[in-house]
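Report on the following structure.
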Amino acid sequence: MTDATNMRLKLPITCFILEIILIILFGVLVEYDHDTDARKWHEHGNGTHGHSDYENDFYYRYPSFQDVHVMIFIGFGFLMTFLQRYGFGSVGFNFLIAAFALQWATLMQGFFHGMHGGKIHIGVESMINADFCTGSVLISFGAVLGKTSPVQLLIMAIFEVTLFAVNEYILLTLLGTKDAGGSMTIHTFGAYFGLMVTRVLYRPTLEKSKHKNCSVYHSDLFAMIGAIYLWMFWPSFNSAITEHGDDQHRTAMNTYYSLAACTLSTFGMSALTAHDGKLDMVHIQNAALAGGVAAGTAGEMMLTPFGSMIVGFLAGIISVLGFKYLSPVLEEKLKIQDTCGVHNLHGMPGILGAIVGAVTSAVATRDVYGGGLEDVFPLVASEERTASYQGSVQAISLAVTLGIALLGGLIVGFILKLPVFGSPNDTHCFEDGIYWEMPGEEESHEELTTVRTEESEKLNG
Amino acid sequence: MTDATNMRLKLPITCFILEIILIILFGVLVEYDHDTDARKWHEHGNGTHGHSDYENDFYYRYPSFQDVHVMIFIGFGFLMTFLQRYGFGSVGFNFLIAAFALQWATLMQGFFHGMHGGKIHIGVESMINADFCTGSVLISFGAVLGKTSPVQLLIMAIFEVTLFAVNEYILLTLLGTKDAGGSMTIHTFGAYFGLMVTRVLYRPTLEKSKHKNCSVYHSDLFAMIGAIYLWMFWPSFNSAITEHGDDQHRTAMNTYYSLAACTLSTFGMSALTAHDGKLDMVHIQNAALAGGVAAGTAGEMMLTPFGSMIVGFLAGIISVLGFKYLSPVLEEKLKIQDTCGVHNLHGMPGILGAIVGAVTSAVATRDVYGGGLEDVFPLVASEERTASYQGSVQAISLAVTLGIALLGGLIVGFILKLPVFGSPNDTHCFEDGIYWEMPGEEESHEELTTVRTEESEKLNG
Amino acid sequence: MTDATNMRLKLPITCFILEIILIILFGVLVEYDHDTDARKWHEHGNGTHGHSDYENDFYYRYPSFQDVHVMIFIGFGFLMTFLQRYGFGSVGFNFLIAAFALQWATLMQGFFHGMHGGKIHIGVESMINADFCTGSVLISFGAVLGKTSPVQLLIMAIFEVTLFAVNEYILLTLLGTKDAGGSMTIHTFGAYFGLMVTRVLYRPTLEKSKHKNCSVYHSDLFAMIGAIYLWMFWPSFNSAITEHGDDQHRTAMNTYYSLAACTLSTFGMSALTAHDGKLDMVHIQNAALAGGVAAGTAGEMMLTPFGSMIVGFLAGIISVLGFKYLSPVLEEKLKIQDTCGVHNLHGMPGILGAIVGAVTSAVATRDVYGGGLEDVFPLVASEERTASYQGSVQAISLAVTLGIALLGGLIVGFILKLPVFGSPNDTHCFEDGIYWEMPGEEESHEELTTVRTEESEKLNG
């Protein structure tokens, strides 16, 4: 609560400048797309001639969009409330940086792959993509949770969204990679970017805040709200921008079974790795979601429920082992202080998902996909490349993603180290009181005591 | 906990009489509409001839309905749990009056604009409208939160739903006003109605309950659940009853960007107006939603994302300033005790939304809307009125709404003052214990102490 | 925390063996159905010839599926967090057994009514059915909540899912019963199965854990999250697998009004039956949902909103009376220790729903249903049976369900009594500490005290 962390001017200036820039750029660059523009939609007739209202992309994607939206704002936000005194920062900063990132992502993604005659065309699909890109920023947020100011987080979001869009452009447009649920573009990218940032921001005396870097009973229940929402809606996440019809349907179902299998292996591993057989909430809240991450690339493919379950089963095992044995090593040896363990939930399962996607691509045949091959692997269907070549491209995409994420995180980490952004010192990490007005603080001791006495009298009847 | 506040007979009698009247009126007046009736839907053929199942309005509106439903019951309910000892009343009375209001609204709205041959026809659109009307009652509930008995709230709902339906009829049917997301009909109406009610119910010695009229750490987190759900699903709210196709799509997108911009200006203003730069949860929970309110009228129009963001940006600023500077004045000078600050979240942003709607209507041209003009401004499309005339009508509608809300609130406020409804006295406001069985009350002191000691022993290892 | 309850090996072995068996069986038996398979979906053409993407069953059912999914994982999970120290077990074990049950149910239900050429075909409809079956297991979980180990719960799920599928097969396939929302197959079955299990597992000295078998203020608020989600999404639950078009639409609406009426009668009855007129959270959290249970069979029929409201109104009354007067009798006289009172929420309202369904079926006429008769009562439409015969079949189905549930619960109860599953002893029921790593346990006394002192200093300013 020194002057350095005072947000009185830093945060308003950052917020206002960013939002005004966004508004100007939207004014200059952004237009309704065909399905949201009153004139364009009605130009092609409506009803018996031309398209009908039920063909509007809104009805194919909006329910999935809302599920994704819940994952971004409730899922990520509440998952991080496990910290006993950082609930406001978890939900609140998650809210702030997500609201910024989705606007900035609209522009960046539009710039790289949504330009039509100098204008960015937007609709429900671009909204989902913007939320996806935001998810990547929130994963990185998980790595630095409790150790950064809101201004630092906004600065991080500016750069990360930009690099996300570059990486996405290289993969999806230049390389023709398939990654509908973002095992690579979202999870691997967000995790390794965040891990590198937290490495650069390494705090040697963070143990001063150690007693606040843990959960209490009720904070773990709040975190379960976030975890369960992420788990439930992951099928919508992975299927939100796949092709219409069987593709969306199949992707949702593959993810559903991957997650279910992952949950069983997570519970099993959690009890197995505890010295007294007790389940650890950290595993349940995080590792049980790894099945969704790992089905992000191959979910839209003919992975079969059988294959999905194997993937989910492995993801849960890897993730619990990561929390138990790898995270302490990363912290001690590599000086990576990963607050939420994003390496275990998004990093390793993301890599697993990328590998599964590469293998599943490499074995794709027209025999299995039939006429649907064009939807899933258009370049294979048009015989521009073979399935095994597609598999190689998928594997290369993982390397590209890791490279951009690590290099980007390195640079952005150093930018965030500039001592002007109001970062908390080591004794005040994981503590809402620095950036938030705390409830009850303004009441006098006497008043509170009176209330408390009254209450306990009442309680004790 | 005097006899006056004892609900043993008052509440059951009110509930049973109201529900029995509702059941009788539904039996006499209500029928399935074309899309819900087995015979009528199948009369026009199904499949290749006549309409297909996917043309049933259910598939266009039910996902939006469920989002609205979540806003009404979780959104409003939990937003109000910020009070430290009024969580049961917030969620519970919200639940009760919403369940009543949606039934009564079905009848009142049906009576005014859903009659077909003496019968009220209902389906998913009427369900959304009923939830909308309920939302208005819940806004007024926010103004009187903690100071009224459940019987008073039910009485208020009876009158408010009725007046809502009258105002809605005047606007939408008689004047031809456009207000799909209800900046006027829902937010402005609900806010000023509630503010007038709380003015009439002014309690000069409410400071006796002051120490309970604030939040604690966990209650603020519960309130964030409500706030975030309202924020996420507002695009569904504003687009739930617009025309199919591009209209629903565009409205959802405009609202999405308005809210995002609003969130940034809210965070900025919250830090700027605090003496030490700390963010205030009250602002984050409320002002960040003002962008949804302000996009309620113009959201379906060709406002453009650019315009939506400007509207949201302003709404956030106005709302925080209202909480910080206007609410204390309203309380001290005008004796308006507005528990949740509905004037800042629904009142002023509602008026802003109405003005934006009037201006956007006045500048509508066929050039911009093309064939979609018929959907958004049917009377302008049919050349019954000019766009600028439509704009004037929108402005007049705001005045009509304010008039009916204030006059209605005045009368209903005096009705609620009748000393028979079991209102709490000034020392027991904001306290669940009056109307709710409190957990733990029936256990003896010794038992509780034992448990507590056990727990703290466990906790302290 | 004796060796018996140590899950170090028991739980991992159970989870891994079960999941590996599931994966093998999925590999051998399960295939994508027509709407999820890339080849099959595209075989019949796409676009102008053959079906279009919007005809894929995904778009008719996936939004409903996600609502059902929320009910299963958030609804049931959080509803049970009302216990002060069993929140981890409530949400966590709910999560575990649901994730297992939905996979096992896919196989069992597929085996009984989804086989095509030796393969089980799956898609969104089978996913909904799997979630439904899971719901039944979770109802039984409610009866034994806090008194069983996770291994016992998994064993129970294995048998209950199997018997559920048998009963469902007898009713829906052999008898031609209609039960879209599962008043019989899900609620009655799950409740009486669970009641019989808890009867067999009767604990004579359970009062040793009595002080933990109750709620605290915040745990009741967490439970309200679950309750409200169940309430809101019940219309989606009952309509999720009815026929497309008017059927889904009508079912959702009937349920909506049934629940609204039920809420008013619940609040009325709760105040009426309390000695001091105070509302009881147990009633609000549970009895207000009975209207959804009771509309489970007749919801898809031409019950009319009027009829639905009467059903809901009665369900609320019965349920509160059950909590107040019947549950204590069941516990004392019949030795049925029903932790969550599932008899009042699922048992009696389920029976009421079955009876309403039988009566509504018996009076069905072509005059009322028109061409829709084929959708709702195909055997009556094809004149294979009369409406009154259908009504008799519905009544017989209730008896069959009760028989299988009670007999099944009896046998499974005795299996669960085997002393190898790590069940807690009577002093450690309703206590998370046995199976869960409790937060804060590993910190030393001094550290915690320091934190606490700091915090209270801050709090008292």
### Task
Run C:Gly341 past the list (1) under 30 Å from C:Ile284 (Cβ atoms); (2) surrounded by 24 or more Cβ atoms within 10 Å (Cβ to Cβ); (3) of a type outside the set (A, V, I, L, M, F, W, C) and report the number of the one that doesn't hold.
(2)
### Message
Please verify whether A:Thr427 is touching a Lys or Arg at 6+ places or on another chain (Cβ under 6 Å) and within 14 Å of chain C (Cβ to nearest Cβ), treating the condition exactly as stated.
### Response
yes
### Task
Residue by residue through the stretch B:141-152, note down the ones that are within 11 Å of B:Gly422 (Cα to Cα) and part of a helix (DSSP H, G or I).
B:Pro150, B:Val151, B:Gln152
### Message
Of the conditions (1) open to solvent by less than 20 Å² (accessible area, probe 1.4 Å); (2) within 19 Å of the chain's Cα centre (by Cα), C:Ile155 satisfies every one except a single condition; which number is it?
### Response
(1)
## Note on the structure
For C:Pro349, the lone unmet condition from (1) touching a residue at least 40 places away in the same chain (Cβ under 8 Å); (2) open to solvent by 10 Å² or more (accessible area, probe 1.4 Å); (3) part of a helix (DSSP H, G or I); (4) in contact with a His (Cβ under 8 Å, 6 or more places away or on another chain) is (2)
### Message
Restricting to the stretch A:173-196, name every residue that is open to solvent by 10 Å² or more (accessible area, probe 1.4 Å) and aromatic (Phe, Trp, Tyr).
### Response
A:Tyr192
### Task
Looking only at the stretch C:197-205, decide whether some residue is open to solvent by less than 10 Å² (accessible area, probe 1.4 Å), aliphatic (A, V, I, L, M) and in contact with a Gly (Cβ under 9 Å, 6 or more places away or on another chain).
yes
### Task
Within the stretch B:226-243, track down each residue that is over 13 Å from B:Thr297 (Cα atoms) and not in a helix (DSSP H, G or I).
B:Glu243
### Message
Given the criteria at the interface with chain A (Cβ under 7 Å from one of its Cβ atoms), open to solvent by less than 10 Å² (accessible area, probe 1.4 Å) and hydroxyl-bearing (Ser, Thr, Tyr), does B:Ser265 qualify?
### Response
yes
### Query
Given (1) more than 8 Å from chain B (Cβ to nearest Cβ); (2) open to solvent by 10 Å² or more (accessible area, probe 1.4 Å), where does C:Ser215 come up short, assuming only one miss?
(1)
### the stretch A:364-384, subset outside any helix (DSSP H, G or I) and more than 14 Å from chain C (Cβ to nearest Cβ), residue least open to solvent (accessible area, probe 1.4 Å)
A:Ser382
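Are any of the residues in the stretch A:413-433 under 20 Å from the mean Cα position of the chain (by Cα) and closer than 25 Å to A:Thr162 by Cβ?
yes
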### Query
So which of B:Met71, B:Met127, B:Met80 is farther than 26 Å from B:Asp247 by Cβ and touching a residue at least 40 places away in the same chain (Cβ under 8 Å)?
B:Met80
### Task
Only residues that are at pLDDT 95 or above and charged (D, E, K, R): list them for the stretch B:1-39, please.
B:Lys10, B:Glu19, B:Glu31, B:Asp33, B:Asp35, B:Asp37, B:Arg39
### Query
Out of the stretch A:241-262, which residues are facing chain C (nearest Cβ under 7 Å) and surrounded by fewer than 24 Cβ atoms within 10 Å (Cβ to Cβ)?
A:His244
#### Entry: Condition broken by C:Phe313, with the remaining ones in (1) under 27 Å from C:Val216 (Cα atoms); (2) open to solvent by 10 Å² or more (accessible area, probe 1.4 Å) satisfied
(1)
### Query
Assuming B:Lys119 fulfils every condition listed in (1) within 26 Å of B:Gln248 (Cα to Cα); (2) at pLDDT 95 or above; (3) more than 9 Å from chain C (Cβ to nearest Cβ); (4) surrounded by fewer than 24 Cβ atoms within 10 Å (Cβ to Cβ) apart from one, which condition is it?
(1)
### Message
Would you confirm, using the coordinates I've provided, whether B:Gly422 is assigned to a helix (DSSP H, G or I) and open to solvent by less than 20 Å² (accessible area, probe 1.4 Å)?
### Response
no
### Task
Identify all residues within the stretch A:171-192 that are closer than 17 Å to A:Thr255 by Cβ and assigned to a loop (DSSP other than H, G, I, E, B); write none if there are none.
A:Lys178, A:Asp179, A:Ala180, A:Gly181, A:Gly182
### Task
Go through the stretch B:323-338 and give me each residue that's in a loop (DSSP other than H, G, I, E, B) and open to solvent by 30 Å² or more (accessible area, probe 1.4 Å).
B:Leu334, B:Lys335
### Task
Can you confirm whether the stretch C:271-279 contains a residue that is acidic (Asp, Glu), facing chain B (nearest Cβ under 10 Å) and free of Cβ contacts under 8 Å to residues at least 40 places away in the same chain?
yes
### Query
Do the conditions hold for B:Phe237, that is, is it closer than 30 Å to B:Tyr54 by Cβ, open to solvent by less than 30 Å² (accessible area, probe 1.4 Å) and not aliphatic (A, V, I, L, M)?
yes
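The values are calculated or read from the model by the stated rules, or taken from the named source; none is laboratory data. What you are looking at is a predicted structure, and each value in this text was computed from that prediction instead of being measured. Heads up, the Cβs are rebuilt from the backbone with ideal geometry, glycines too, and the neighbour counts pull from every protein chain shown. With ligands, DNA and RNA removed, areas are computed over all heavy atoms of the protein, side chains included. Shrake-Rupley method; radii C 1.70, N 1.55, O 1.52, S 1.80 Å.
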